[in-house]
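S.K.: I'd like to ask some things about the structure below.
The values are calculated or read from the model by the stated rules, or taken from the named source; none is laboratory data. Note that the structure is predicted; figures quoted are calculated from it, not measured. Here Cβ is always computed from backbone atoms with ideal geometry, including for glycine, and neighbour counts include all displayed protein chains.
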Amino acid sequence: MIMKRILVACGNGIATSTVVASKVKEYLASQGVDAETTQTKLMEVPGKVEGYDLLVTTGQFEGQTGDVPVVKGMPILTGIGADQTMKEILNHLK
C-alpha cells in the first residue's frame, strides 16, 4: 500500500498540529491506511503543500494549495464533529 502524506498546519506549527497529526495517524492506522504527517505553520503552507495528498488545518487558511484537498481539522481538537472530519479525511485518501 502507498504511504499517504498529510500536511497538518496550525498557527505556529507546534501545539494543535501535533495533537491533530497524532489523532489523524491513529485513526487512519485503525482504518488500514498508512500515513505520515508533517506539521507546519499556516503561513508556510503555500510553499510546502505540493506533493502532499491532503492538508489539514486548525486555523483560518485562505492560501493556495494547488490540487491538494483541504480539511478543516478544528473538530478533531474540540471533539465536536470529529468523527465526521475523520471520515472526510479518510475519503480524501482512498
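S.K.: Checking the conditions here, which among LYS25, LYS41, LYS4 is under 13 Å from GLY73 (Cβ atoms) and surrounded by 14 or more Cβ atoms within 10 Å (Cβ to Cβ)? First the steps, then the outcome.
M.R.: Values: LYS41 fails: under 13 Å from GLY73 (Cβ atoms); LYS4 fails: under 13 Å from GLY73 (Cβ atoms).
Going through LYS25, LYS41, LYS4 in turn, the sole match is LYS25.
S.K.: For the chain, please list each of the strands (runs of 3 or more DSSP E) lying entirely inside it that holds at least 3 residues being touching a Phe, Trp or Tyr at 6+ places or on another chain (Cβ under 9 Å).
M.R.: Ranges flagged: 4-10.
S.K.: Can I ask one more? Filter segment 4-18 down to the residues that are under 24 Å from GLY32 (Cβ atoms) and modelled with pLDDT of 95 or more and list them by number.
M.R.: Passing the criteria: LYS4, ARG5, ILE6, LEU7, VAL8.
S.K.: Sticking with this structure for a sec: Go through segment 47-94 and count every residue that is of a type in the set (Phe, Trp, Tyr) and either modelled with pLDDT under 95 or loosely packed, with under 14 Cβ neighbours inside 10 Å (or both).
M.R.: Residues flagged as of a type in the set (Phe, Trp, Tyr) and either modelled with pLDDT under 95 or loosely packed, with under 14 Cβ neighbours inside 10 Å (or both) within segment 47-94 amount to 1.
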